[in-house]
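**Student:** Would you mind keeping the following structure in view while I ask a few things?
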Amino acid sequence: METDDINRLIEKYFEGESTLQEETTLQSYFLEEEVPTTRMAEKAQFQLFSTMRHEVTPDMLKQESFFSKITRQEDETQHKTIRFFRWSVGIAASFIIMLLGFVVGMLYEKNSSPTSEVLALKDEFSQMKKMLMFNQMNNPSASERIMAVNTAQALPEADDQVLEALIFTMNSDVNPNVRLSAVEALHRFADQKMVMTALVKSLNTQENPIVQIAIIDVLVDFKEQSALDELRKLLQKENLTQAVREQAEYGVSQLAYEN
């Protein structure tokens, strides 16, 4: 398979955007073909996944040796490939999250009625994913912070801690693209009072037109009457861009009509 195609699939895989067919293609590549030394890390991961697919069962969760087995296999594969790469703390954490997600998904696939052990593992996986997300939100890289916001958006449920982190990011991040991603993530949870209140308060503190328009869209979408005063206050700003002004006027007309 062409190197460019593999690189593209690997990038999609680690961003969580790959399809089942693409993941099968990657698995076949790393298990059946010679790979360059620069890809030995991924090869080791797929070898581990392949081994665990045939060995993990729900009963294994009752054994203390389950996670020691994972650790032992990780140590063995790292020993074989350590000359080719070094794990950074962030990559190692991401790998553990990915590994647990793989195990949990596989156990759900094998069992129509998940046991308490499987459910406990699922909860542990969710907590670890949140910890990684909070860590990424403080990353100097804007792309990493956007990935953290996307992780939060993909959570089945968002507790107050997650919502507060998204709200803080929307209001405080120096990068407008990150703030925009936070608004889009909050859109999903806008039926919660604390989220809608935060969106209304944030409207007139934002200066980036795209972020302003995104917030207006959420307020109109949820027919938030309390946003009328803030929209009218926004329209009083002399330096408001035409696109934002038109969207704000549209928002006022929609919300006033609903009222």
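**Student:** Taking the conditions exactly as written (more than 30 Å from Pro209 (Cβ to Cβ) and modelled with pLDDT of 70 or more), does Glu157 satisfy them or not?
**Tutor:** The answer is yes for Glu157.
**Student:** Quick check on Glu230: is it in contact (Cβ under 8 Å) with a residue 24 or more places away in the chain, in a helix (DSSP H, G or I) and of a type in the set (D, E, K, R)?
**Tutor:** yes
The values are calculated or read from the model by the stated rules, or taken from the named source; none is laboratory data. Nothing here was measured: the structure is a model prediction, and the numbers come from that model. With ideal geometry, Cβ positions are generated from the backbone for all residues, glycine too; neighbour counts draw on all protein chains shown.
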